[in-house]
Amino acid sequence: MAKKPYYITTAIAYTSGKPHIGNTYEIVLADAIARFKRKEGYDVRFQTGTDEHGQKIELKAQEAGITPKEFVDNVAGEIKRIWDLMDTSYDKFIRTTDEDHEKQVQKIFKKLYDQGDIYEGYYEGLYCTPCESFFTESQLVDGKCPDCGRPVQKAKEPAYFFRMSKYADRLIDHINSHPEFIQPESRKNEMMNNFLLPGLQDLCVSRTSFTWGIPVDFDPKHVVYVWLDALTNYITGLGYDADGNHGELYHKYWPADLHLIGKDIIRFHTIYWPIFLMALDVPLPRQVFGHPWLLVGDGKMSKSKGNVIYADDLVDMFGVDAVRYFVLHEMPFENDGVITWELLVERMNSDLANTLGNLVNRTVSMSNKYFDGVVANCGVTDGVDKDLINVALDTKRKVVRRMSSLRVADAMTEIFNLFKRCNKYIDETTPWLLAKDPAKKERLSTVLYNLVESITIGASLLESFMPSTAKRIYDQLGSSSRSMDELEMFGLYPSGGKVTSKPEILFARLDMKEVIEKVDAMYAARNTGSKEEEKEDDEPVMDMEAKPEISFEEFGKLQFQVGKIISCEAVKKSKKLLCSQVQIGSQVKQIVSGIKKYYSPEEMVGKKVMVLVNLKPAKLAGVLSEGMLLCAEDEEGQLSLVVPEKDMPAGAEIC
């Protein structure tokens, strides 16, 4: 019987720079799902790749003094190196600079134009360069890009537009009739309530202000807008042809079973992409999963903060499978996960070195010590055996159930629950005491057999998540990977089999202090290197577009004072706003600020801050704001409250 096809994709990585561990998480997650689906018997097609066009790339290439193609070749190579380093089993690494992809994007654009879905117009609006996205004034949050929080610039240029509203009702009907289409549920609600139901505007799908993109072949002064270019990789990578002469892979694997993407680009994949497909008369993907972010302990990773963690740094310190374990196990289904070097060491020592590594080592060592490595089932059982066997057999069912809903972290927890049960079984059966009584030799042999069998079952389930670790376990136990059907049975390890004579330490315990010292030294060297490369000032500087000059009289109309925050809470209807009660002299003003990403309410209380006092009151997310807290913003959109250098009384004038 032919295997059922299963097509899974990641978002294609943007080639603006080296991916950090938060970016790398997605490819590892997709790999775990792909490997598990293969184990379940599916014919899996796993595609990833790089997104290589756009204004940001053109600017970065200019700064580097090389061509855009040279720039993306370098970065794409680095991305592929890291994907390979993390032992990911993709079948196709597509690049949007691939000739066959570019040709199909041009044909798709022309097809949509010929059928009236794309028309020529003129664009004047607000543009975010990092996100390569246009927004209306009403879509901005605190005057900034709603996706990344960075400043936007006014843009005015001729452009082609896609008629989004033509397909909006059809997409709404599809989402309502296919509740599994957008996951998790919260992402679906966000798309419906914030974008679809209020009404879609036509989408700009070409640019003329830069040249690094796929030319519109019938109007070459335009290049295809990045999202129409990038999103179509999911079908061009299978051999889709806009003329209808599709390749074999397209017929076999489309529609995709799963698009795995970050929550920050869920809008493009659940609104723009399905509407493009509807216009092309192509079936929609079965599911889009918007996974959460992996954040460092003090917030989003940023080069300006100096807190960026790269996969290869982690691998050097912990090994590939330890890093895979951490990013897969520590990421919740719906909420953002947290990564710190300290937490990595804790998980390494507790879960990997102790729970798993020590279990395998003790089992192999006892088998060698008491039976010269021979593992035999003598059938001398006790009541405690039944519970271990039930847990071992039930683990497969629990893991399958968890993976069917993409709850990967929960699936891994179930596997490690089995390993913990094995450790408990050792404590219950006390093999070292059984070994002292020759009459209990067969009971001891049965205990060790049950351990080898249970660990083999656990390793067979673990191999999708930690493939090299599973192989190392098989090698030590003298066992092999089990199929899903075989995981329904206990006792398949051949009685009389033999474990290795030299047990290997799977994961060594680490000293927290030594690791942190190495990390500090690594960051110090990296920061020093960065400063040497700048060859300019000791500290970074930032230029911004100048605003029109004002007179001293105009400036005098603004009233700035020092304020003390006496209480603060999150605004319930907003993900970005904090509401602070600020003491200014004898008054208390309520001020709403879009800084929730950078400060917790607890951090705000007690701070002395600079306040624009006489700003006209306004409502933000339904909450009255009576002023503005002053913040500094770097080029990556990171915010920092402006505070007085010396302790000043609440109400002191800033002049």
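The values are calculated or read from the model by the stated rules, or taken from the named source; none is laboratory data. Since this is a predicted model, take the numbers as computed values, not measurements. Note that each Cβ is placed from the backbone with ideal geometry, even for glycine, and that neighbours are counted across all protein chains shown.
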Item to check | Contacts under 7 angstrom Cβ, first residue in region 413-427 being under 12 Å from A459 (Cα atoms) and aromatic (F, W, Y), partner part of a helix (DSSP H, G or I) and at pLDDT 95 or above, 6 or more apart | outcome: F416/D351; F416/T355; F419/T355; F419/L356; F419/L359; F419/G458
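For (1) at pLDDT 95 or above; (2) touching a Lys or Arg at 6+ places or on another chain (Cβ under 9 Å); (3) surrounded by fewer than 24 Cβ atoms within 10 Å (Cβ to Cβ), each residue gets a yes or a no:
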| residue | (1), (2), (3) |
| --- | --- |
| A11 | yes, no, no |
| S16 | no, yes, yes |
| P19 | no, no, yes |
| V28 | yes, yes, no |
| A34 | yes, yes, no |
| K39 | yes, no, yes |
| R45 | yes, yes, yes |
| G49 | yes, yes, no |
| E52 | yes, yes, no |
Checklist entry - Is there any pair with a first residue in region 626-655 that is surrounded by fewer than 18 Cβ atoms within 10 Å (Cβ to Cβ) and a second that is of a type in the set (F, W, Y) and assigned to a strand (DSSP E or B) whose Cβ atoms are under 8 Å apart and which are 6 or more apart or on different chains, and what are they? => result L630/F560; E653/F560; I654/F560; C655/F560
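Any residue at all in region 270-281 that is surrounded by fewer than 19 Cβ atoms within 10 Å (Cβ to Cβ), closer than 28 Å to K420 by Cα and in contact (Cβ under 8 Å) with a residue 24 or more places away in the chain?
No, region 270-281 contains no residue that is surrounded by fewer than 19 Cβ atoms within 10 Å (Cβ to Cβ), closer than 28 Å to K420 by Cα and in contact (Cβ under 8 Å) with a residue 24 or more places away in the chain.
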Checklist entry - Somewhere in region 474-487, is a residue assigned by TED's automatic domain parsing to the domain that holds R397, touching a residue at least 40 places away in the same chain (Cβ under 8 Å) and on the phi > 0 side of the Ramachandran plot? => result yes
Checklist entry - Residue check, T97 against (1) touching an Asp or Glu at 6+ places or on another chain (Cβ under 6 Å); (2) among the polar types (S, T, N, Q); (3) in contact (Cβ under 8 Å) with a residue 60 or more places away in the chain, all met but one. Which one? => result (3)
Checklist entry - Quick one: Y127 ticks every box in (1) farther than 25 Å from Y325 by Cα; (2) in contact with a Gly (Cβ under 6 Å, 6 or more places away or on another chain) bar one, so which box is it? => result (2)
Item to check | Elements of type strands (runs of 3 or more DSSP E) in region 85-178, at least 3 residues being surrounded by fewer than 18 Cβ atoms within 10 Å (Cβ to Cβ), out of contact with any Cys (no Cβ under 6 Å at 6 or more places or on another chain) and of a type outside the set (D, E) | outcome: 118-128, 153-162
Checklist entry - Is it the case that L112 is in contact with a strand residue (DSSP E or B) (Cβ under 9 Å, 6 or more places away or on another chain) and modelled with pLDDT of 95 or more? => result yes
Item to check | Test result for N358, buried (at least 18 other Cβ atoms within 10 Å of the Cβ) and not hydrophobic (A, V, I, L, M, F, W, C) | outcome: yes
